[in-house]
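Structure record follows, encoded as structure tokens.
The values are calculated or read from the model by the stated rules, or taken from the named source; none is laboratory data. Computed from a predicted structure; not experimentally measured. Cβ sites come from the backbone with ideal geometry, for glycine too, and all protein chains shown count toward neighbours.
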Amino acid sequence: MTNSNDFHIAVFPGDGIGPEVIAPTLRLLDQAAERVGGFALSTSDCAAGALHYRDHGTALPKESLDVAAKADAILLAAMGMPSIRMPDGRELTPQIDLRMEYGLYAGVRPVKPVPGVKPVLADPRAHDVDYVIVRESTEGLFAPSAPGERDGDAEARETMVITRPICEKLFDFAFQLAQKRDGLRRVTSVDKANVFQAFAFWREIFDERAGRFGDIAADCAYVDAFAMTMAQKPWTIDVAVTENMFGDILSDLGAALMGGMGYAPSADIGDEHAVFQPCHGSAPDIAGKGLANPTAMILSSAMMLEWLGERHGASDPMRAGALIRRAVEAAFAGGDLVTCELGGDAGTARVFEAVGDALAGVSLEMLND
């Protein structure tokens with residue numbers, strides 16, 4: 001940072017639809033910053049992804065890591081291509097490498113449908129769903145300290161790693177998030193403690209940390225039962241905290257309840273760094289066709305502004321994040337803006353135009369509500 005009012009953002013456009021959704025999002029960020037005033041954003045593009053691996057032999061070059069390490073925040077669009085794989089057959093996942101590199105243990109996956117987007121659940125209470133899945137993002141079944149093993153065609157194994165230091169920070173993060181939210185003030189541990197020793201350990205630590213937050217209710221649910229709750233009565237959830245693989249699956253279910261992956265933002269947050277990205281992937285089947293729904297990318301950028309404001313004690317970025325959220329809601333409110341995953345014809349450019357127009361018209365006084 002050059003001064004307290006300037007923030008430097010490392011931008012990873014990535015693969016597939018990534019460049020299509022991130023470039024207009026950066027323009028919206030500038031528009032929001034200009035309307036609110038009091039701060040400025042500068043950006044640096046960082047090369048990474050499957051196409052970079054194809055052309056240069058590395059999916060996450062050191063130069064990009066160096067830029068990201070010095071930035072105030074990281075904004076990532078999408079990375080990976082199913083057609084480009086490592087020698088062992090796995091897809092490239094540099095976005096996961098970023099989580100490991102910077103210790104981004106708290107994956108924040110909000111589940112809050114955009115007003116005006118066709119609801120997935122018929123129950124009218126589903127319109128007011130507003131909860132957060134906090135996914136542990138550096139260990140569990142993704143732990144780099146326990147790489148999978150394969151014995152030819154006979155057997156393959158993966159190891160789940162749960163550690164006390166990460167769990168303690170993760171659970172504290174979840175309880176502190178519940179304290180900040182205007183919600184049910186409850187944190188639910190989603191696990192499988194009745195079967196796996198690792199989750200029995202997880203739950204022991206959860207119960208210990210819950211005792212430090214007497215103002216927040218704490219309960220536990222097995223992951224299969226919790227998945228049913230997400231589908232049948234999601235309005236009963238506030239903050240749910242879970243292991244990496246479970247969080248990966250449940251956050252996609254949450255995205256489906258919002259209308260699709262194109263509506264689902266996310267953040268991966270650590271003690272010093274944070275990455276903000278849509279939950280969706282690179283969608284190579286629609287890349288270059290102008291069909292990609294950029295809403296998740298836009299809402300992820302709003303999460304970034306709010307995190308920057310909170311981290312640096314600056315109200316203006318937080319107000320700009322709220323402005324972007326209000327603009328998205330206003331753009332979709334009439335129900336006429338229908339994206340391709342819901343059977344409509346509103347492509348990337350039309351969504352950005354609608355959100356940009358709405359952003360220009362939102363009253364700044366409303367941001368204080």
What tally of residues in the range 328-337 results from selecting those that are buried (at least 18 other Cβ atoms within 10 Å of the Cβ) and more than 19 Å from the chain's Cα centre (by Cα)?
4
Can you name every residue in the range 244-258 that is touching a strand residue (DSSP E or B) at 6+ places or on another chain (Cβ under 8 Å) and of a type outside the set (A, V, I, L, M)?
N244, F246, G247, D248, S251, G254
From the option list A68, A48, single residue qualifying as more than 28 Å from F171 (Cα to Cα) and touching a strand residue (DSSP E or B) at 6+ places or on another chain (Cβ under 6 Å) is A48
When residues of the range 339-357 are filtered for being among the hydrophobic types (A, V, I, L, M, F, W, C) and either closer than 21 Å to L41 by Cα or surrounded by fewer than 17 Cβ atoms within 10 Å (Cβ to Cβ) (or both), how many remain?
4
Could you give every pair whose Cβ atoms fall below 6 Å, whose first residue belongs to the range 34-56 and is hydrophobic (A, V, I, L, M, F, W, C), and whose second residue is at pLDDT below 95 and assigned to a strand (DSSP E or B), counting only separations of at least 6 or pairs across chains?
A40/D6
Out of the strands (runs of 3 or more DSSP E) lying entirely within the range 223-281, which hold 2 or more residues that are in contact with a Cys (Cβ under 8 Å, 6 or more places away or on another chain)?
265-269
I'd like to verify a number: residues in the range 282-316 that are in a helix (DSSP H, G or I), surrounded by 20 or more Cβ atoms within 10 Å (Cβ to Cβ) and of a type in the set (G, A, S), how many?
5
Looking only at the range 13-30, count how many residues are in contact with a helix residue (DSSP H, G or I) (Cβ under 7 Å, 6 or more places away or on another chain) and either polar (S, T, N, Q) or outside any helix (DSSP H, G or I) (or both).
3
Name the residues in the range 177-213 that are in a loop (DSSP other than H, G, I, E, B) and exposed (fewer than 13 other Cβ atoms within 10 Å of the Cβ), would you?
D182, N194, V195, G211, R212
